[in-house]
Amino acid sequence: MSEYIVEMRHVTKRFPGIVANDDVSLGIKKGEIFALLGENGAGKSTLMSILFGMYEPDEGEVYVRGKKVETFSPNHATELNIGMVHQHFKLVSNYTITENIILGMEPQKKKFGFLPVVDIKNTNKKIAELSKKFGLEVDPTQKIENINVSMQQRVEILKMLYREAEILIFDEPTAVLTPQEIEFLLEIIREMRRNGKTIILITHKLEEIKQVADRCAIMNRGKLIEICDVAETSTKKMAELMVGREVSFTQEKTPCKPGEVMLKVENLVVKNADGFPVVNGVSFNIRSGEIFAIAGVAGNGQVEIADAIAGLAPAAGGKVILDGQDITNSPVKARNKMGIAYIPEDRQTWGLILDFTLSENLLLRRYDIAPYCVNGVLHREHFTEKSEELIEHFDIRSGQGGQTIVRSMSGGNQQKAIIAREIDLDTPFVIFVQPTRGLDIGAIERIHSQIIAERDKGKAILLVSLELDEIMNLADTIGVIYNGQLLKIAPAETMTSNEVGQYMMGVKE
Amino acid sequence: MNEIIVNGMSFSIPLFIIAVGGIYSERSGVTNLALEGFMGAGAFFGALFTALTAGVFASTSNLPMYLSLFVAMAGGALYAIIHAVLCIKFKANQVISGVVVNILAMALTDFLTSQINESVLGHSADKFILNVFPRLTVESLTGIPVLGGFFTNAYIFEFIIIAVAVVAWYVMYKTRYGMRLRACGDNPYAVDAAGCNVGRIQFAAVMVSGALSGLGGMCFAYSVFGHYSTSIYAGYGYLAIAALIFGNWKIPATLGACLLFGFARAAGYSLIQYLELPGTYSDLIMILPYVLTLLLLMIFSKNNRAPRALGEIYDKGKR
């Protein structure tokens, strides 16, 4: 019996066009929080999917509690007390929390002594107790469609705990959470360690690893680079190992040299589906060569401002003026022609057509103009030519180049594709909404320098972000939104991040 | 008044059980336009059974009629396998599969009916003649105003169907299988992650759909037509689909929709008689349930919530 509860020996896994895991060996001790760090596409998720039985390794062996794993299936993994919270939750939206948790192993009771029925009532109590024990704070009788993402994630955690998982794998658990929710989750993870569970955390956020993990394995392009003791390794060192080169956390930025006003927003009002004004009388200007950043806690109306400017949401009042022209009621296509590029918050819903190829997605904005389209006929050879140029220039990695189906690409590379497409339009005004959401540090750094480069070319840039660090790093002018109103607009150098944070909470006048 | 209730119920109840069959399939995530075909094929097997066993039972015995209901269920379930295999095993488009299954049922049963009449029963005909299904009057309850109509001259199969529907409701909402079935219609990936076999659950649901449709079809053959022939393909399967959509894929609400259709139809017939209109006008009244369908579609469609994964082809590898 070795000291490890999980051991992977010389594991190799290949997919068409890519080696996802290349001779990886590592051991995980019982009762520790073990982090797997790496950029998007480094092979972390694949490695853990093997442990959870979703893939069979091409070479190498996996041992759990000293015993070699022979059959690879999620069911078998569950029998070995291994549980996994996936990046995309697998929940039934019209079921209650309890019903979701017990699905697949429903406890039964006999009604009238003979009729088997699923016993929801008693299970509700059991799950409430389990939730209390680990500090999860869920009400088991609520329906999934009525609870937020953070609580849905806790339902996934409860699912594992209900199945008596001892080894819990979290795949990028914080990608969808707000800072407060992240704190809460990390506390839950610590609580689970106190209860003797072994936790594997797949992430690319160094800060979280520093906060909770005991040991950390760093991967790059399918290979295991190093396993380090978190307490003894600096964040900078880990970042370098992960990216494979030196990284800087703050961006080099020359002072802004603003020109004429490019975008003027006057008393903008945007209403949501219920008729409630989520943006209520917002006014600001963005000049050429300026990054105007809107800071705020999620759901205060910042995304709606961007949508109204891009034409995705109708303005219920006020004006949007681009380069002297009133575009308040112009259709989306007209706005694009006049010079708006838009990097949306939700890249999979608004940014890409997932089942189209990378090449087609890169040309989504231009497919209808020459030389890509002449007399209504598409010219594929120009598609290929252009997309190859963009793939090369923006370093978009994928299995089969321009012919890759976008759905199969990693999140970071999907985002790179959108940014490549939009920046290449070379419009005088660009909107970035949450441009680095869910991305790793190397990719963030690259995107940040691209944003600054666009500014330096004299473009007006609207940046909407929930990451305060990102705003402090990039903004020339900061507008803080609270409850649909801009509480404060000021040059970035006159505000500290602490002050911005206070405005974000609506506490400072 | 009583006449409307008697006629309304004898139409609504078989329609209801066909719709329940549709709910089983659709709540599991498999679009089912094949109810018409399931219904006709199931009834064919039931009618064939009575035709082939005519000499075995005493001519006064009602037993073959009851047995034929079971045979129709088994036959419907068997025929439904075609839809299940196409949609689940071969991941075919569920709408196309449903339409094909309907057309196939009509052609196949027409052909077989004539052939079996000719070669086995020895006379040429394109139908199987059926006896009249026994009716029941509960004397002690007929005195009650309005409600008494439900216990006057009611076909016994109506009570059988209600019992089957109660069981169907219990299985769908109270048991393990039902819980997994409904989950498949919302998010099959969650069911798969919970270690259950999505394909198997859906396959069973489509077969149940066939069985219940077969039962409904057989009862229509006994009541509306009095024989089995291709005239059974009168669009009742499609009407059942409309009913289950108005019922928002829920069993009790669907019963309400079916009653509405049935009573609209029965009231129409009474109207013709009352106004002493010539027989050709009855065709006009026949369209009443369908006009009602159109109107209701306009009113209720926006509040409807179909199962989220309905019609989606389940592919394990997709994320």
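The values are calculated or read from the model by the stated rules, or taken from the named source; none is laboratory data. These numbers come from a predicted model, not from an experiment. Note: ideal-geometry Cβ built from the backbone for every residue, glycine included; neighbour counts use all protein chains shown. Note: accessible area is taken over every heavy atom of the protein model, side chains too, but ligands, DNA and RNA are not part of it. Shrake-Rupley method; radii C 1.70, N 1.55, O 1.52, S 1.80 Å.
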Taking Cα pairs under 8 Å and at least six residues apart, what relative contact order does the stretch A:1-121 come out at, in percent?
22 percent
In square angstrom, rounded to the nearest 10, how much accessible surface does residue B:286 have for a 1.4 Å probe?
70 Å²
What value does chain B have for Rg/Rh, both radii from Cα atoms and Rh as Kirkwood defines it?
0.99
Please report the projected area of the stretch A:351-426's Cα convex hull averaged over all directions, in nm².
4.6 nm²
Please turn the phi angles of the stretch B:195-205 into ³J(HN,Hα) values with the Karplus equation 6.51 cos²θ - 1.76 cosθ + 1.60 (θ = phi - 60°), one per residue in order, whole Hz, x for glycine and proline.
x, 9, 8, 4, x, 5, 4, 5, 4, 4, 4
Determine the gain in length on full extension of the stretch residue B:197-residue B:67; use 0.36 nm per residue of separation and subtract their C-alpha separation, reporting nm with one decimal.
43.5 nm
Low-density loop GluC sites (Glu not before Pro), the stretch A:249-320, at most 15 other Cβ within 10 Å, DSSP non-H/G/I/E/B, are A:252, A:260
I'd like the distance separating the alpha-carbon centroids of the stretch A:283-331 and the stretch B:81-149, in whole Å.
61 Å
Sequence of A:133, A:257 when ordered by accessible area, the most exposed leading, probe 1.4 angstrom
A:257, A:133
Can you compute the FRET efficiency between residue A:261 and residue A:373 using 1/(1 + (r/R0)^6), with r the Cβ-Cβ distance and R0 = 30 Å? Round to the nearest 0.05.
0.30
For the stretch A:4-243, rounded, prolate or oblate, judged on the Cα gyration tensor with a ≥ b ≥ c (square roots of eigenvalues), a/c < 1.5 rounded, else prolate if a/b > b/c?
prolate
For A:63, A:367, B:274, B:222, what's the largest-to-smallest order of accessible area, 1.4 Å probe?
B:274, A:367, A:63, B:222
Show B:169, A:350 ordered by accessible area, largest first, where the area counts protein heavy atoms only and the probe is 1.4 Å.
A:350, B:169
Paramagnetic reach from residue B:312 (point 7 Å along Cα→Cβ, amide N under 16 Å) across the stretch B:30-50:
B:30-31
By DSSP, what percent of the beta bridges with both residues in the protein assembly as shown are antiparallel, rounded to the nearest 5?
60 percent
On the protein heavy atoms, probe 1.4 angstrom, tell me the percent of accessible surface of the protein assembly as shown carried by carbon and sulfur.
57 percent
So, with +1 on the Cβ of K and R and -1 on the Cβ of D and E, and no other charges, what is the size of the charge dipole of chain B about its Cα centre, to the nearest 20 debye?
1400 debye
So what J values fall out for the stretch A:159-171 if you push phi through Karplus, 6.51 cos²θ - 1.76 cosθ + 1.60 with θ = phi - 60°, rounded to Hz, Gly and Pro as x?
4, 5, 5, 4, 8, 6, 5, 9, 10, 10, 9, 10, 9
Go through the stretch B:157-177 and flag every residue whose accessible area shrinks by 40 Å² or more with all protein chains in place compared to the isolated chain (probe 1.4 Å).
B:170, B:174, B:176
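Taking every DSSP beta bridge with both residues inside the stretch A:4-243, roughly what % is antiparallel (nearest 5)?
60 percent
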Pairwise centroid distance, computed over Cα atoms, of the stretch A:32-80 with the stretch A:377-426, Å
32 Å
Quick check on the protein assembly as shown: take the gyration tensor over C-alpha atoms, sort the square-rooted eigenvalues as a ≥ b ≥ c, and tell me if it's rounded (a/c under 1.5), prolate or oblate.
prolate
Given labels modelled 7 Å from the Cα in the Cβ direction, how far is it in nm from residue A:178 to residue A:395?
3.4 nm
Residue-by-residue Karplus 3J(HN,Hα) for the stretch B:174-191, coefficients 6.51, -1.76, 1.60, Hz, glycine and proline x:
10, 9, 4, 4, x, 5, 5, 4, 5, 5, 4, x, 9, 8, x, 5, 5, 5
Using a Förster distance of 30 Å, how high is the FRET efficiency between residue B:146 and residue A:273, based on the Cβ-Cβ distance and rounded to 0.05?
0.10
Yeah, the stretch A:4-132 with a ≥ b ≥ c from its alpha-carbon gyration tensor (a/c under 1.5 is rounded, else prolate when a/b outruns b/c, oblate otherwise) is prolate
To the nearest 10 square angstrom, what accessible area does residue A:382 show with a 1.4 Å probe?
50 Å²
Would you work out the relative contact order for chain A, in percent, from Cα pairs under 8 angstrom that are 6 or more residues apart?
15 percent
Taking the Cα-to-Cβ direction at residue A:334 and at residue A:493 and moving 7 Å from each Cα, how far apart do the two end points lie in nm?
4.1 nm
Heavy-atom accessible area of residue A:76, protein chains in place, probe 1.4 angstrom, given in Å² to nearest 10, is 50 Å²
